[in-house]
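See structure below.
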Amino acid sequence: MKAFLDHIRSETPNIFTFWFKPEREPSYTAGQYIEMHLPHPNHDERGEKRWFTLSSSPSDLPLISITTKFATKQSSTFKTALRALNPGDVVDISSPMGDFVLPKDPSIPLVFVAGGIGITPFHSIIKFLNDVKEKRDIQFIYGVHSTEEQVFDELLKVYGPKQYSVIYQDPPAGWEGETGNLSGQRILDLIGEIGNKLIYVSGPEQMVETLHKELGELGVPKSQLVGDYFPNYSSI
Ligand SMILES: Cc1cc2nc3c(=O)[nH]c(=O)nc-3n(C[C@H](O)[C@H](O)[C@H](O)COP(=O)(O)OP(=O)(O)OC[C@H]3O[C@@H](n4cnc5c(N)ncnc54)[C@H](O)[C@@H]3O)c2cc1C
């Protein structure tokens, strides 16, 4: 279906949220994604279509949003065309899909692990929970390069998950918290007892695969791991 650009919000110098008004209100669950088709001339080999998680919550309808990061060096022709859109310009989007969504049972404790721009589905989910005033048992771990790439901090503080741990690869001056890279062991050290917790991991494809493998080797059953993979990003 067609979706018209409503406005663009700058989250950081290289991360932007694009708000669209679809021609029909899509029905979706927080955490789902769409495929976007953006025709543009002389496209590179990556083509004219991309998958994007809806960073918005169903409670934001009739608007929907995607949030994406722009490369500091060479952007794809798709991202260059996306950045050049003006309000009223049109893209084509698929119906929302995917199962990176909250479990139906609200009593299941949750661990959300975001690597960089992989925070988008968690933003959708937490914005939804905040809007419908539903408290869930959430431990949130956010591995991010630096404060320049850190987004949605305000919403996270407003919602107040049980635990909110930020791990900077390049920490700001005076930071006394966690630094370095995400790893399976690190996640387990931060969250304590596993019990029946569901561990959701979202971020660059290789990071999600590595963390799932490490968590599996550390004894976390596959049934307690959920993943959302973003291709084409080499690092968080
Ligand atoms: C289910 C799902 C959900 C997703 N959700 C999101 C989301 O919410 N937000 C999001 O940002 N992404 C999301 N993605 C990933 C998204 O679809 C893109 O793959 C990603 O944004 C990279 O975009 P890009 O290929 O346009 O590259 P860019 O973002 O432009 O660049 C990424 C890297 O590739 C390099 N590069 C760019 N063009 C080329 C080229 N032609 N040849 C070689 N190197 C190049 C850049 O220099 C940079 O290092 C999701 C993917 C899936 C499958």
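The values are calculated or read from the model by the stated rules, or taken from the named source; none is laboratory data. As the structure is a computational prediction, the values presented were derived from the model and not from experiment. Cβ coordinates were reconstructed from backbone atoms using ideal geometry, including for glycine residues, and neighbour counts include every protein chain displayed. The accessibility values were calculated without ligands, DNA or RNA, using every heavy atom of the protein model including side chains. Shrake-Rupley method; radii C 1.70, N 1.55, O 1.52, S 1.80 Å.
Descriptive notes on the structure:
- Counting only protein heavy atoms and a 1.4 Å probe, the range 110-230 has 44 square angstrom of accessible area per residue.
- Scaling the Cα radius of gyration of the chain by the globular reference 2.2 N^0.38 Å produces a ratio of 1.00.
- Taking the chain and dividing mean pair separation by its residue count, relative contact order in percent (alpha carbons under 8 Å, at least six apart): 19 percent
- Fraction of beta bridges assigned by DSSP in the chain that are antiparallel (%, nearest 5): 50 percent
- Out of every Cα-Cα pair that the range 2-93 contains, those further apart than 23 angstrom amount to 19 percent.
- Lys/Arg +1, Asp/Glu -1 at C-beta; the chain dipole; positive extreme among 59, 115, 42: 59
- Accessible surface of the range 110-230 [probe 1.4 Å, protein heavy atoms]: carbon and sulfur percent: 49 percent
- Working from the Cα coordinates of the range 97-236, the gyration tensor eigenvalues give, after taking √(5λ), semi-axes of 20, 19, 15 Å in decreasing order.
- Dipole magnitude of the range 110-230 about its Cα centre (Cβ charges: Lys, Arg +1; Asp, Glu -1), debye to nearest 20: 500 debye
- When you filter the GluC sites (Glu not before Pro) in the range 101-194 for DSSP loop state and at most 13 other Cβ atoms inside 10 Å of their Cβ, you are left with 134, 176, 193.
- Within the chain, longest stretch clear of exposed trypsin sites (Lys or Arg not before Pro) (DSSP loop, no more than 15 other Cβ within 10 Å): 163-236
- Pairs from 127/197; 2/69; 104/197; 133/162; 49/69 whose Cα-Cα separation, in the structure shown, is over 19 Å: 127/197; 2/69
- Acute angle (nearest 10 degrees) that the helix 120-131 long axis makes with the longest principal axis of the chain, alpha-carbon atoms: 80 degrees
- When the chymotrypsin sites (Phe, Trp or Tyr not before Pro) in the range 57-138 are filtered for DSSP coil states and for at most 16 other beta-carbon atoms within 10 Å of their beta-carbon, the remaining sites are 70.
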